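Some notes on the structure that comes next.
The values are calculated or read from the model by the stated rules, or taken from the named source; none is laboratory data. Everything numeric in this text was worked out from a predicted model, so none of it was measured. Don't worry about glycine lacking a Cβ; one is built from the backbone with ideal geometry, like all the others, and counts go over all protein chains shown. Just so you know, the surface numbers come from the protein's heavy atoms only, side chains and all, with ligands and any DNA or RNA stripped out. Shrake-Rupley method; radii C 1.70, N 1.55, O 1.52, S 1.80 Å.
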2 protein chains.
Amino acid sequence: MNLTELKAIQLAELFSALSDASRVRIISQLIEGEMSVSALAEGLKMSESAVSHQLRGLRQMRLVRARKDGRQVFYSLDDDHVAKLYSMGLDHVEHG
Amino acid sequence: MNLTELKAIQLAELFSALSDASRVRIISQLIEGEMSVSALAEGLKMSESAVSHQLRGLRQMRLVRARKDGRQVFYSLDDDHVAKLYSMGLDHVEHG
DNA sequence: ATAATATATGAACGATTGCTCAACTATTCA
DNA sequence: TGAATAGTTGAGCAATCGTTCATATATTAT
């Protein structure tokens, strides 16, 4: 089965979403449920700016969804595929 | 479930293997079966050097295995987990 | 021996990434 | 209204990445 260049790029972009430890930790938090930017930043000991920058990328890839409530913005996973990829990867890292 | 920093890094490294279109295409070729460096290079229209550099990374992550036969080196997937991640990602890109 | 072939490797380069910092918008509170 | 809070954004910078190019190593053929 021959992979088109477009699909290769799309696949690479998808996996890029989980190719950084900060983003992996963000995803792992969001698997527990939606969370505000500042809660994520505090829990992960990252600056709010850094978290926000990463969330923007995840949002653009439609892996994460934003819900605004007052002055807070709550993020959650937009797609259970990501959670599945995550848990499959974790399984590989832990056993195997 | 709290993710340790080590596991976050290991997960990120695993997904990094598929975070580049060239590597995705290499993996997609190797799913079909083992292949020499020059065959990969020709099929993917990449230089042998570029392919070799990428294969080294994949080898170091133990996602790919090398078998030397004469002056050729045949590469194959070392781990069916990668193929599973790949096809799961492809599924997400194609549908969903 | 020499030449040719297959692959690996290091240096160097531009491109991309992930962060910080400062400035900005939007919302709430007093 | 003005101050405080939550988040976003752009510029800038160091670090990393993926490639090319030249060179090196290993194997085979002559």
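Can you give me the Cα centroid spacing of the stretch A:31-96 and the stretch B:1-63 in angstrom? Taking the Cα centre of the stretch B:1-63 as reference, the centre of the stretch A:31-96 is 25 Å away.
Taking all C-alpha pairs of the protein assembly as shown, those more than 22 Å from each other amount to 49 percent.
Using helices alone, I'd like the mean residue ellipticity at 222 nm for chain A: each DSSP H run of four-plus residues gives -39500 (n - 2.57), total over residue count, nearest 500.
The helix-only estimate for chain A comes to -19000 deg cm²/dmol at 222 nm.
Projecting 7 Å from Cα along the Cα-to-Cβ direction, the label point of A:ARG67 sits 5.2 nm from its equivalents in the other copies, listed shortest first. Take B:ALA39, push a point 7 Å out from Cα through the beta-carbon direction, and compare it with the same point in every other copy: 5.3 nm, smallest first. Springs between Cα atoms under 10 Å define the GNM used for chain A, and in it the highest mean-square fluctuation of A:ARG71, A:ARG62, A:ARG25 occurs at A:ARG71.
Distance between the modelled labels on B:LEU6 and A:SER47, one decimal in nanometres: 3.0 nm (7 Å Cα→Cβ projection).
With its label point put 7 Å out from Cα toward Cβ, A:ASN2 sits 5.2 nm from the same residue's point in the other copies, in order from shortest.
Take the Cβ-Cβ distance between B:ASP80 and A:SER38 as r, set R0 to 30 Å, and report the resulting FRET efficiency rounded to the nearest 0.05.
Working: r = 41 Å, r/R0 = 1.37.
My answer for the efficiency is 0.15.
Please identify the GluC sites (Glu not before Pro) of the stretch B:1-72 that satisfy two criteria: DSSP loop assignment and at most 14 other Cβ atoms within 10 Å. Which are they? Numbers along the way, then the final one.
Details: sites: B:GLU5, B:GLU13, B:GLU32, B:GLU34, B:GLU42, B:GLU48; in loops: B:GLU32, B:GLU34.
Taking the stretch B:1-72 and a limit of 14 other Cβ atoms within 10 Å, the loop GluC sites (Glu not before Pro) found are B:GLU32.
When the pairs A:LYS45/B:LYS7; A:LYS7/B:LYS45; A:LYS84/B:LYS84 are compared against a 18 Å limit on Cα-Cα distance, every pair falls at or below it.
Report the calculated FRET efficiency for B:SER22 and A:GLN72 (r = Cβ-Cβ distance, R0 = 45 Å), to the nearest 0.05. Computed FRET efficiency for B:SER22 and A:GLN72: 0.65. Protein heavy-atom surface of chain B, 1.4 angstrom probe: 46% of the accessible area is carbon and sulfur, with nucleic acids and ligands not counted. Kirkwood analysis of the Cα pair distances in the stretch B:19-94 returns a hydrodynamic radius of 12.5 Å.
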